[in-house]
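Every read-out reported here was derived from the displayed coordinates using simple, explicitly stated rules and does not represent laboratory data. The structure displayed is predicted, hence computed values, not measured ones. Here the Cβ positions follow ideal geometry from the backbone for every residue, glycine too, while neighbour counts run over all protein chains shown.
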Amino acid sequence: MIYGRERELIQLDRILEAARSGRGSGLVLYGDPAIGKTALLRAAVEHATGFRVLRCQGIRTESELRFAALHELLLPVADRVARLAPTQARALRTVLGLDSGPADPFLVGAALVRLLTVLAADRPVLLVVDEARLVDPESAQSLIFAIRRLSAVPVALLVALRDDPADTVWRELPALPVTGLPDAEARRLIADRHGPLGAQRLARILAVAGGNPLALHELPGVVGELGGTAPEPMALGPGLRAAFRDRVADLRADVRVLLTVAATETRGVLGTVTDAAAALGAGPTAWEYATGAGLLEIGDGRVERTHALLCAAVHDAAAPAERRAAQLAVSAALTGLDEADLRIWHRAMASDRPDEQLAATLSERAENSGHGPLAAAAMLRQAAAITPDPVRAGERLAMAGRFAWASGDIASARGLLDRATSRLGTERAAVAGRGLAGLLEFVAGEPERAIRLLLRDAELVDPATAVNLRVDADRARWAAGHGILDLDPAEFAVHDGISRFHTMIRPLPPAPLVLLWGLADQALEPYTQAAARLRGSAAPAAVSLLPQLAIIQFANGRFPAAEQTLAEAFELATAGGVENLLAHCWSLRTKIEALRGNSDEVLEAAERALALARPRRARSLIASVHWHLGFHALSMGDPETAYLRLRTLAQPGNDGCHPTYARLAALDLVEAATRVGRHEEALGYYADIRDWAVRSRADWAVSAAYACRALVCADDRADHYFRRALAARRSRHDLNHVRVQLLYGKWLRRVRRRADAGEQLRMAAEAFERMGANQWALRARQELELTGRRASPVTAHGETSVLTAQELRVARLAAQGLTNREIGTELFLSPRTVGHHLSRVFGKLGLSGRADLVDVDFDNGMRIVRPR
């Protein structure tokens, strides 16, 4: 598959179409080694249906042999030479080695014109010349001579060249530069070939590759732990090494030294690179050549490696002693007070033998100097590389893995821990890595295995770490479907703008548990504040929090905010390769599309989620997908499918069995079961939600229990239970409340209370429409029409007609509970300006103060909707 080459392929197709129309032409493709020229030539050959294709390739060992390339090109049609005039036939027979004697270049060119004309009389001819810089001059001149004289003959010539043809014999042909792939296509290529990579590693690979397809294929496979993020030159693989061998060899020695230093000093500080290069003999003339050739660019005290891949190739080709010399020269050039750690780092990189003193200094700097986790992990890994004692080296590798984990680089953390375990054994690696094995398993593996690892390591590590590991083990038990964790509603109570959970003393609980305990309203602020504090981080805590926040936002009716949060979670989970969290994101996507009634999107998202969750036996994720699929089936009027999906939530032994989700889906379960005649099962589901309502006193559970009771009881009591269900929880945000309105309306219509039914169904239809629940709104309108009434259209004024864009942003954030200072930080405004915007919002919307913002429906015309 060719990525991102639409422009080039269009040009090639034009050349072919011209030949099919009887017009001869040529084109030179030129660009860096491995940039994709040969792939484009292959694509042109594949597109050249009906053509006779003749090919040749320049070879260094034959570049000085006269007509060597033309010999390769014409050999497949040697039998046609005899049809030419004797003089022309003799010239080409000499080229083909069939006759002895010297070949006259003019006669060869004329004979080539005639031969191609004869061949093109049968069908169009495509000539393909790869590695044209190594083609002998006589062959090149003959081809140019011929193509200039075949403008009215169906012959096309395609040439691939490394450098700009302006200074070569190929300058007479039109030229098309082949540059690096666009960023989006480069990312797609890497994702297709290698799967998700950590965000920092991906960024480094993209920066070095410069869109070069071979580099994009090869670099992710050869980069070791932290190699994409550490402050060190990137290694190349064999393919790139071979592709750039000639290009590197063509450079002057002092230029190679300069580029090696530029690759070593990854920050690109001009003074450091200049001093280090000068110390190794690369002076002004090397700089002049490198900048003139576009290899380096200088500006604002920095050196930009405009051809980062060639710099990496030069560094890779340097002898080990030359690379060590570059590291030491850079270390010596770092004279700033704030560069001590970098000096030590480069000294450690230059070390070719064990050095405990240097390793200990680097380790201490990594752990105590306030570096980011990525830099600390890289420093510890290098410290381990020069540590003489294998045990101490293993401990440093384990610590490096813990820092890599904190940075969100899951793959590197796992690799470093594996290396540490091979040296230390399981128990000592667990102590050094502070329970890293279980943490990795929790976010990227099987919950059941995570439980065992976390509890095992909790017995080995220090007491403070053990507490956190046991909390994580409890969360893993919940994810595996073992029981329900207790939550204390008081922990979500806000005192002076802060709650206990907001302090992050321990991890925020899984959002479905928050919903189960009826704490979604109280939890919105702690989750929002925690996400704001962690925003920008790729750490697992930050990535895992975002799907939880999206669930809480969704439960509070903040659908656009939930969509935005989910998009951010998708990006981080994909970039980090955290597949459990990615499955969570796809599950949430299933939920959102199910609400909208988009069947194709629901099935695609569900399949993606289950493909990730099932191999890991992540029951909480599997159960969530089954719930959303059952909900969707109900909305589509398919109770049988809904029942088959939903009953798995309460079936012991099923991979989707999970007590939390069975209770959250109680109303769906009972509705589906009663509609397919499974009344005994429906009674069992009702009993479970009734018991939960008694235990938790969550108002949603009380409401659901009454609604389920109404569905399973005799008609003369249903009215009472429906009313109790509606009275227990009344909120425009609550999807279950609106569902109860729909069920009650349907029941009222069946017992011929059409006026009462019409009122319930009208409110349900309008609420569903405001939520964007299209299929549910359709069902409510259909039921309403059976009563003889129609729903009023839900109108939505443009938001900008009421508030300015900035006022709208401020109002949305204030409605989420953010203070003026926090809103200012988010929008880069002063608290005073935020207050000014809020005063205008209150005036325009007729609000008395900040508390009223929670009743504003920002998504439907700024209407004020308050619970009745």
### Message
Cut-off is 10 Å between beta-carbons; in what order do Glu759, Glu218 appear when sorted fewest neighbours first?
### Response
Glu759, Glu218
### Message
What do you get for trypsin sites (Lys or Arg not before Pro) in the stretch 266-314 restricted to DSSP loop and a cutoff of at most 14 other Cβ within 10 Å of the site's Cβ?
### Response
Arg267
### Query
Counting Lys and Arg as +1 and Asp and Glu as -1, each charge on the Cβ, what is the dipole of the chain about the Cα centre in debye, to the nearest 20?
2400 debye
#### Entry: Rounded to 10°, Cα long-axis angle of helix 105-122 versus longest principal axis of the chain
50 degrees
### Task
Calculate how steeply helix 463-479 sits against the longest principal axis of the alpha-carbon atoms of the chain, using the helix alpha-carbon long axis, and give the answer as 0 to 90 degrees to the nearest 10.
80 degrees
#### Entry: For Arg52, residues with placed amide H under 5 Å, excluding near neighbours
Val125, Leu126
### Message
Please compute the modelled spin-label separation between Arg723 and Ala85, points set 7 Å along Cα→Cβ, answer in nm with one decimal.
### Response
11.1 nm
### Task
Classify the stretch 6-177 as rounded, prolate or oblate, taking a ≥ b ≥ c as the square roots of the eigenvalues of its Cα gyration tensor: rounded when a/c is under 1.5, otherwise prolate if a/b is larger than b/c and oblate if not.
oblate
### Task
Using amide H atoms built 1.01 Å from N in the peptide plane, name the residues 5+ places from Gly26, or on other chains, whose amide H lies under 5 Å from its own.
Leu157
### Task
Report, in whole Å, the centroid distance computed from the Cα atoms of the stretch 251-315 and the stretch 48-94.
44 Å
### Message
I need the shape label for the chain. Rule: rounded when a/c is under 1.5, else prolate if a/b > b/c, else oblate, with a, b, c from the alpha carbon gyration tensor.
### Response
prolate
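Out of all DSSP beta bridges with both ends in the chain, state the antiparallel percent to the nearest 5.
On the way: 7 of 27 bridges.
Here the antiparallel bridges make up roughly 25 percent for the chain.
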#### Entry: For the stretch 46-59, 3J(HN,Hα) per residue [Karplus equation, 6.51 cos²θ - 1.76 cosθ + 1.60, θ = phi - 60°, Hz, x = Gly/Pro]
5, 7, 7, 5, x, 8, 8, 10, 10, 10, 8, 9, x, 10
### Query
Residue by residue through the stretch 851-857, which ³J(HN,Hα) values in whole Hz follow from phi under the Karplus form 6.51 cos²θ - 1.76 cosθ + 1.60 (θ = phi - 60°), with glycine and proline marked x?
4, 6, 5, 5, 9, 8, 8
### Task
Label the stretch 38-77 by shape, choosing from rounded, prolate and oblate, from the square roots a ≥ b ≥ c of the eigenvalues of the Cα gyration tensor; if a/c is under 1.5 it is rounded, and otherwise prolate applies when a/b is larger than b/c, oblate when it is not.
oblate
#### Entry: Relative contact order (percent, whole number), the chain, Cα cutoff 8 Å, 6+ residue spacing
6 percent
### Message
Helix-only mean residue ellipticity at 222 nm, the chain, DSSP H runs n ≥ 4 weighted -39,500 (n - 2.57), per residue, nearest 500. What is it?
### Response
-19500 deg cm²/dmol
### Query
Over the stretch 1-96, what is the mean sequence separation of C-alpha contacts under 8 Å (at least six apart), divided by residue count, expressed as relative contact order in percent?
19 percent
